[in-house]
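*Asks:* The structure under discussion is supplied below as structure tokens; questions concerning it will follow.
The values are calculated or read from the model by the stated rules, or taken from the named source; none is laboratory data. Everything numeric in this text was worked out from a predicted model, so none of it was measured. Cβ placement follows ideal geometry from the backbone for every residue including glycine, while neighbour counts extend to all protein chains displayed.
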Amino acid sequence: MNKIKKVGVIGAGTMGAGIAGQVANAGVEVWLLDLPSEGESVNSFAERGLERLKDPDMPGIMSEEAEQLINLGNTRDHFNELTDCDWIAEAVVERLDIKQALYKKLNESCKDSTIITSNTSTIPISLLTEGMPQSFCERFAITHFFNPVRFMRLLELVRGKETKQEVMDTLDVFCETMLGKGVVPCSDTPGFLANRVGVFAIQCALHKAFDYKLSPTEADAFFGRPLGLPKTGVFGLYDLIGIDLMADVAKSLENILPENDAFHKFASPIGFVSNMIANGQTGNKNDQGFYKQVGNDKKVIDLSSGNYVNHERLKTPLLDEAEKRGVAAIISDKSPYGLFIWDVLSETLCYAASLVPEVTDDLTQIDDAMKLGYNWVKGPFELIDEIGIEYFVSRLKNSGKNVPDFLLNSSNNKFYNNSNSTLSTLSASGELNPIIRPKGVLRFSEARQTLEPINSNESASWFEYEGAAIVEFHSKANALDSESLDMISDAVTTSEKKGLRGVIVHNDFQHFSCGVSLWSVRNCFEKNDFDGLDAFLSYFQNTMLQMRDSKLPVIAAPVGMSIGGGFEVVLHADHVVSHANSVMGLVESFVGVVPAGGGCKEMLYRWTEKLNDSEKGAWKSFMNIGLGRKANSPQEADALTMRRSGDVFQMNRDRILNVALSSLDETKKADQRSPLALSGVKHFQQMLEWLEVNHKKGMLTPHDVTVGTEIGRIMSGGDCSAGAVFSEQEILDAERSSFVTLAQTQETQARIVSMLDNGITLRN
């Protein structure tokens with residue numbers, strides 16, 4: 001197998017730049033080339049690609065070190081830099097003549113072992129390589145990445161008839177281990193897998209929403225989190241991708257799919273949507289689409305009039321029921337909401353099943369494609385398992401829908417079966433085949449299907465696996481409440497008694513934890529139960545100390561967002577194995593409170609230790625927590641003292657749990673915190689002056705000043721003299737006191753209500 005040490009990317013658009021950025025994130029040198037420019041800089045197209053990677057809202061590169069590995073150039077002056085590349089990824093415009101001309105030039109100039117791939121999803125390999133020598137065809141493949149490349153996990157890897165296995169193996173290993181991708185092998189069929197099923201689902205949901213006369217708010221409330229799909233739903237996803245771009249994607253698939261393909265039922269444009277595109281209402285990129293933000297207010301388009309009206313989150317008992325019972329609760333409901341979801345799911349799941357075995361004989365490839373490429377929690381066949389194959393097929397027949405042969409021939413009661421502690425899937429021929437992942441890959445979502453929880457409640461569970469306790473959060477957004485803490489505490493206590501190897505806090509969902517449940521906080525202040533709130537915070541703090549002070553090692557293995565209270569769990573672990581894209585930070589100030597699970601305390605200790613100065617440490621903690629600074633990469637986390645020197649990260653999130661398990665026996669317990677000398681009243685006054693100055697500049701709102709005052713009080717010790725010594729518990733008490741004080745203010749309560757009811761950060 002060849003080793004990839006130098007990469008070339010041709011085409012510095014969104015996809016090409018993204019590929020180059022992820023290669024650099026992996027620590028590999030890359031040349032990013034585009035056409036020469038006639039402007040001031042001959043490399044301006046490539047330079048623009050790099051600038052897109054540095055977008056602070058969606059950074060495609062992880063660090064300054066990664067940026068240094070990206071060389072910029074153009075195809076006229078720097079083509080010679082490609083001659084010794086081990087892999088060249090082409091991401092130019094989707095025109096066959098341009099691609100073929102480029103391949104001929106690459107074939108003449110590159111070394112014989114250079115692997116060449118295209119990022120296309122619309123042009124078959126047979127056409128791309130038409131007229132090329134066999135030696136070229138043997139080292140050519142399609143590597144179809146998803147946008148944004150750094151964050152989307154899926155890579156569809158497509159081989160041609162002549163492609164050598166060694167080439168496929170090299171790409172597979174490099175993209176999986178170094179680029180962190182979940183590699184799904186695909187046949188060279190139109191649309192491959194993810195876009196074929198994913199765009200079908202989106203188009204179907206869009207058309208059905210108009211058929212049922214549902215508002216975007218109503219459709220997105222159900223075609224989203226209740227199904228285990230991203231919260232954007234269908235209309236929000238259109239806005240995110242771009243309404244005009246989605247129309248182009250649908251048209252592209254319509255052009256390449258066979259005439260008898262079911263996609264054509266939902267491919268035609270909707271007049272209302274076409275008018276929006278003509279009016280420039282193309283989504284988030286133009287600040288107006290189906291949704292529109294106006295100051296602190298979120299608006300939604302009225303599909304009858306075309307006017308924007310106030311957006312309020314849909315409240316219906318059916319959504320509450322779906323939280324408890326899942327998909328079954330929705331599709332059994334006879335309201336327009338239930339019928340809408342049944343229509344969309346039955347069409348989409350049948351479409352996925354119709355691809356077996358013609359497009360693939362491995363249903364896990366379809367499920368993986370949707371989970372990795374579209375962020376579905378469950379793939380189509382996992383959803384059918386949840387619904388029940390027998391019920392699904394029976395209802396399809398009763399409603400007069402065609403049932404794909406693969407569903408009719410499925411005699412087993414489930415597509416995924418657990419037997420002898422092995423998870424297997426049903427093949428197209430009806431046999432059960434064990435799921436085999438690459439060495440080192442371990443998805444807990446699959447492993448737990450072979451396990452029974454040792455203890456479980458609505459918010460969390462813990463399992464015994466390979467001699468360790470695995471704690472998994474599974475509440476909405478994995479928000480922490482007293483039941484989440486119960487499971488952490490029980491796992492630690494029971495593991496000590498049983499002599500297990502240690503405890504790992506991890507889950508396989510999109511996010512580790514988005515913080516303490518604001519619903520729990522709201523419930524307390526609406527009942528005026530601030531003693532109850534204080535008791536919960538005390539339990540939170542004590543559970544964090546129990547983790548740290550346990551005799552057993554405790555490892556946090558976060559993916560996605562670990563923010564607020566979720567990050568406080570990470571801060572109190574003995575060791576952290578995180579994903580390279582994990583987002584970490586204490587963001588409580590945005591909702592008008594302070595970290596009170598030990599977050600303020602821990603950051604104060606870490607900054608003081610790093611700077612060896614109590615005043616500088618207090619100031620850094622005050623600024624970072626007050627501004628809610630987040631780290632979008634391990635390197636940023638290091639700069640913000642959010643990671644210890646021994647903490648590690650993995651490019652591929654599917655390898656995190658395996659690394660955490662193998663690290664248990666080597667993990668040393670974190671030291672308990674000694675008393676800390678604080679900076680005192682004069683420093684506290686400087687913090688107050690800074691808050692007032694920036695309030696007058698318009699940088700801070702009045703309540704920002706109130707929240708900042710409490711953060712400053714915790715970090716400096718408030719009215720104490722400089723050098724006054726505080727115990728760890730006294731700092732924790734100060735956190736808790738400030739949280740409860742702020743929770744009693746009308747401004748904090750308004751911020752929390754705004755976030756929960758409308759998803760908007762209120763600036764008051």
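*Asks:* Looking at the range 625-642, which of its residues are more than 20 Å from the chain's Cα centre (by Cα), surrounded by 21 or more Cβ atoms within 10 Å (Cβ to Cβ) and not small (Gly, Ala, Ser)? Before you say what the answer is, go through the steps one by one.
*Replies:* Within the range 625-642, the first condition is being more than 20 Å from the chain's Cα centre (by Cα), and the residues that meet it are 625-627, 638-641.
Checking the rest, the ones that are also surrounded by 21 or more Cβ atoms within 10 Å (Cβ to Cβ) come to 625-626, 641.
Selection gives ILE625, THR641.
*Asks:* Residue by residue through the range 41-62, note down the ones that are in a loop (DSSP other than H, G, I, E, B) and touching a Pro at 6+ places or on another chain (Cβ under 8 Å).
*Replies:* Of the residues in the range 41-62, the ones in a loop (DSSP other than H, G, I, E, B) are 41-43, 54-62.
VAL42, ASN43, MET58, GLY60, MET62, listed by residue number.
*Asks:* Are any residues in the range 280-303 surrounded by fewer than 20 Cβ atoms within 10 Å (Cβ to Cβ), touching a residue at least 40 places away in the same chain (Cβ under 8 Å) and in a loop (DSSP other than H, G, I, E, B), and if so, which ones?
*Replies:* Within the range 280-303, ASN296, ASP302, LEU303 qualify.
*Asks:* Inspect all residues belonging to the range 622-638 and state whether any of them is closer than 30 Å to LEU500 by Cβ and assigned to a loop (DSSP other than H, G, I, E, B).
*Replies:* No: the range 622-638 contains no residue that is closer than 30 Å to LEU500 by Cβ and assigned to a loop (DSSP other than H, G, I, E, B).
*Asks:* Going through the range 466-478 one residue at a time, which ones are within 25 Å of the chain's Cα centre (by Cα) and either part of a strand (DSSP E or B) or free of Cβ contacts under 8 Å to residues at least 12 places away in the same chain (or both)?
*Replies:* Across the range 466-478, the qualifying residues are ALA469, ILE470, VAL471, GLU472, PHE473.
*Asks:* Within the range 207-260, which helices (runs of 4 or more DSSP H) (wholly inside it) include 3 or more residues that are in the same structural domain as TYR351 (by TED's automatic domain parsing) and under 25 Å from GLU323 (Cα atoms)? I'd like the intermediate steps shown before the answer.
*Replies:* On the way: elements: 216-222, 235-241, 243-256.
Helices (runs of 4 or more DSSP H) meeting the threshold: 216-222, 235-241.
*Asks:* Right, here's the next one. As an exercise: evaluate LEU500 against (1) surrounded by 22 or more Cβ atoms within 10 Å (Cβ to Cβ); (2) in contact with a strand residue (DSSP E or B) (Cβ under 6 Å, 6 or more places away or on another chain) and give the number of the one condition it does not meet.
*Replies:* (1)
*Asks:* Before we move on, is SER274 farther than 22 Å from LYS371 by Cβ, among the polar types (S, T, N, Q), in contact (Cβ under 8 Å) with a residue 40 or more places away in the chain and surrounded by fewer than 21 Cβ atoms within 10 Å (Cβ to Cβ)? Talk me through it step by step, then tell me what you get.
*Replies:* Numbers: farther than 22 Å from LYS371 by Cβ: yes; among the polar types (S, T, N, Q): yes; in contact (Cβ under 8 Å) with a residue 40 or more places away in the chain: no; surrounded by fewer than 21 Cβ atoms within 10 Å (Cβ to Cβ): yes.
No.
*Asks:* Given the condition over 30 Å from THR232 (Cβ atoms) and of a type in the set (Asp, Glu), answer yes or no: does some residue in the range 743-757 qualify?
*Replies:* Within the range 743-757, not a single residue is over 30 Å from THR232 (Cβ atoms) and of a type in the set (Asp, Glu).
*Asks:* So SER679 ticks every box in (1) more than 24 Å from GLN541 (Cα to Cα); (2) in a loop (DSSP other than H, G, I, E, B); (3) hydroxyl-bearing (Ser, Thr, Tyr) but one. Which box is left unticked?
*Replies:* Checking SER679 against (1) more than 24 Å from GLN541 (Cα to Cα); (2) in a loop (DSSP other than H, G, I, E, B); (3) hydroxyl-bearing (Ser, Thr, Tyr), the one that fails is (1).
*Asks:* What helices (runs of 4 or more DSSP H), lying completely within the range 310-376, carry at least 2 residues that are among the aromatic types (Phe, Trp, Tyr) and more than 30 Å from GLY295 (Cβ to Cβ)? Please lay out each step first, then the result.
*Replies:* On the way: elements: 317-325, 327-331, 336-354, 363-374.
The qualifying helices (runs of 4 or more DSSP H) are 336-354.
*Asks:* Just wondering, is there one or more residues in the range 124-138 that are under 25 Å from ALA26 (Cβ atoms), out of contact with any Asp or Glu (no Cβ under 6 Å at 6 or more places or on another chain) and either among the aliphatic types (A, V, I, L, M) or in the same structural domain as TRP31 (by TED's automatic domain parsing) (or both)?
*Replies:* No - not one qualifying residue is present in the range 124-138.
*Asks:* Select, from ARG655, ARG643, the only residue that is within 29 Å of GLY60 (Cβ to Cβ), assigned by TED's automatic domain parsing to the domain that holds GLY499 and assigned to a loop (DSSP other than H, G, I, E, B).
*Replies:* Exactly one residue qualifies, and that residue is ARG643.
*Asks:* Something else about it: Could you list all residues from the range 496-542 that are assigned to a loop (DSSP other than H, G, I, E, B) and over 30 Å from LEU229 (Cα atoms)?
*Replies:* GLY499, LEU500, ARG501, GLY502, LYS527, ASN528, ASP529
*Asks:* If you don't mind, there's one more thing I want to ask. Tell me, yes or no, whether the range 388-407 has at least one residue that is free of Cβ contacts under 8 Å to residues at least 60 places away in the same chain, closer than 30 Å to SER662 by Cβ and not in a loop (DSSP other than H, G, I, E, B).
*Replies:* no
*Asks:* Determine, yes or no, whether ARG443 is closer than 25 Å to VAL570 by Cα and either in contact with a helix residue (DSSP H, G or I) (Cβ under 9 Å, 6 or more places away or on another chain) or at pLDDT 95 or above (or both).
*Replies:* Against the criterion (closer than 25 Å to VAL570 by Cα and either in contact with a helix residue (DSSP H, G or I) (Cβ under 9 Å, 6 or more places away or on another chain) or at pLDDT 95 or above (or both)), ARG443 qualifies.
*Asks:* Still on this structure: Quick one: which of LYS54, LYS111, LYS105 is surrounded by fewer than 20 Cβ atoms within 10 Å (Cβ to Cβ) and without any contact (Cβ under 8 Å) to a residue 24 or more places away in the chain?
*Replies:* One residue alone meets the criteria, LYS54.
*Asks:* Looking only at residues that are modelled with pLDDT of 90 or more and of a type outside the set (A, V, I, L, M, F, W, C) in the range 399-416, which one is farthest from MET370 (Cα to Cα)?
*Replies:* Ranking the candidates gives PRO404 first.
*Asks:* Just one of THR348, THR360 is touching a Cys at 6+ places or on another chain (Cβ under 8 Å) and surrounded by fewer than 21 Cβ atoms within 10 Å (Cβ to Cβ); which is it?
*Replies:* THR360
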